[in-house]
Amino acid sequence: MYNPKSHKAEEFICHQEVLDTLEYAEKNKNNIEVIDKILAKARLKKGLTHREAAVLLDCEIEEKNKEIFDLAMEIKQDYYGNRIVLFAPLYLSNYCVNGCVYCPYHHQNKHIPRRKLTQEEIKNEVIALQDMGHKRLAIESGEDPVNNPIEYILESLKTIYSVKHKNGAIRRVNVNIAATTVENYRKLHEAGIGTYVLFQETYNKETYERLHPTGPKHNYAYHTEAMDRAMEAGIDDVSLGVLFGLELYRYEFTALMMHAEHLEAAFGVGPHAISVPRIKKADDIDPSAFDNGIDDDTFAKIVACIRIATPYTGMIISTRESEQCRERLLKLGISQMSGGSKTSVGGYFNPMPEDEESSQFDISDRRPLDEVIKWLMELGYLPSFCTACYRAGRTGERFMEVCKQQQIHNFCHPNAIITLKEYLEDYASTETKTLGEKFIQHEMDILESGEKIKHAVEEDLVKIEHGERDFRF
Ligand code: SAM
């Protein structure tokens, strides 16, 4: 029944295979021989199967867990260096016809103010985001065929890409909208989206159906097979995620790894990124009503095991998590984070106290982007506003090839330095700028891309100081 190449949800996320894996992991969680064998394979840094990854997640031997965390940090360093890519969510509309019990946008919620941005309002949001320094957005919307049809999303994408305010530009827009048809995915692809993002919420079919009692999202197979349709439509950068807290984390982790394996087996390219959201308090939603919440230590272990099992896949953390939690996860595998986020519709241009009520969930890290940038550099991370790979056509299989050969450094490090320089020139506070200039100097000293590229970066940095923008490798 289990078949990673199949396009049927019940076969590539086979419930029995998840249960068998969990049993295997439970049986071997203290088996040093098995764990050492898995760790030896993991040290090749080419990934693990879901069964192997599940054993590491369950492992109870303290000394081996230390090895797991150390290896995750090493892989993170090898593939992603000290770069962290920044983005912000942009909420277009909170109209929704679904009944997701954990989400305040559920259609029975009568006290949340419903809003849908006009194109003029979107322009204002984008200007506010550009003025913060953002170059990469993720658009978010509820599912509502009448209020938020695909035409609205496409028009909004056009608007977002068209706004050029001062030196600002949004150069990559990722899209997080409900599962849709191949035809609609094709339209999104043609509109030039970056990654298509869709969280599975939970991979357990029974739980999924209970938590999505009404609306089109109730259909488990349609939702789970969405990435297959997106890939069929030509979108080769897709981003997975589960909402941790809804179901037992061991089940979710195993199925998430199976989903990644499925994409690799069926399309020759794994997910571009994996998000790790945890359920948060929101209007009408009390996370304690969901009894599968995970503590920070378990969360860190999950991130470390994802990093080891899927080394080529980016990992994303949002402002749902606190500064402390984000700091801990950064070194274990996170490669992208949101900063200065607002989760309400219209929250950037015109933040009002009542916007808190229309926000999708409570944010833990409320610091402005400039503070996040400064903090990252203080921790030794290189903030990056790079969007070059997608614009140079390095997506899907091409991106994975570059990544697998660990060549990503040759592009990413120079691009991160250049885009940070743009940020410092245009948007940084004096303090952040002073620190950033020193930081760039240090990064230039350790740049490993060879003399030719180094020289080109030096030239670009001077040109940026003289007002030119948008260089990339
Ligand atoms: N409506 C789209 C869909 O159906 O997939 C996606 C957009 S929704 C704005 C983005 C994500 O927010 C959801 O996929 C869900 O995982 C997450 N989310 C919903 N309620 C949440 C809560 N209370 N705490 C944390 N995340 C939540």
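Coordinate-derived values only; no laboratory data. Here the structure is a predicted model, which means the values were calculated and not measured. All Cβ positions, even for glycine, are placed from backbone atoms using ideal geometry, and neighbour counts span all protein chains on display.
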Likely footprinting exposure, 452, 217, fewest C-beta neighbours within 10 Å first: 452, 217
Alpha-carbon centroids, region 206-262 and region 321-388: separation in whole Å: 25 Å
All-pairs alpha carbon distance profile, the chain, 20 Å steps from 0, percent: 25, 60, 16, 0
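Counting other C-beta atoms within 10 Å, which of 400, 257 has the fewest, and how do the rest follow? Mind showing how you got there, number by number?
Values: 400 19, 257 27.
In order of increasing Cβ crowding within 10 Å: 400, 257.
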Percentage relative contact order, the chain, counting C-alpha pairs under 8 Å, at least six apart: 20 percent
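For region 177-245, what Kirkwood radius comes out of the mean inverse Cα-Cα distance, in Å?
12.4 Å
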Region 407-465, relative contact order in percent, only Cα pairs under 8 angstrom and at least six apart counted: 49 percent
Cysteines having no other Cys beta carbon under 4.7 Å from their own, within the chain: 14, 59, 96, 305, 325, 386, 389, 403, 412
Rg(Cα)/(2.2 N^0.38 Å) for region 13-77, N = residue count: 1.10
Quarter of the Cα convex hull surface for region 49-102, i.e. its orientation-mean projected area (nm²): 7.5 nm²
Order of 227, 73 under a 10 Å beta carbon neighbour criterion, fewest first: 73, 227
Charge tally in the Cβ shell below 13 Å around residue 127, where Lys, Arg are +1 and Asp, Glu are -1, residue 127 excluded: -1
Calculated log₁₀ intensity ratio I(q)/I(0) where the Debye formula runs over C-alpha points of region 32-150, q = 0.23 Å⁻¹: -1.23
Semi-axis lengths, Å, region 228-362, gyration tensor of Cα atoms, sqrt of 5 times eigenvalues: 27, 19, 15
Cα-Cα over 32 Å, subset of 66/280; 45/217; 66/452; 187/331: 45/217; 66/452; 187/331
Principal axis dimensions, largest first and in whole angstrom, of region 407-465 by Cα: 33, 19, 17
Square roots of 5 times each gyration tensor eigenvalue, C-alpha, region 162-277, largest first, Å: 26, 16, 15
Cα-Cα separations in region 346-473 greater than 21 Å, expressed as whole percent: 50 percent
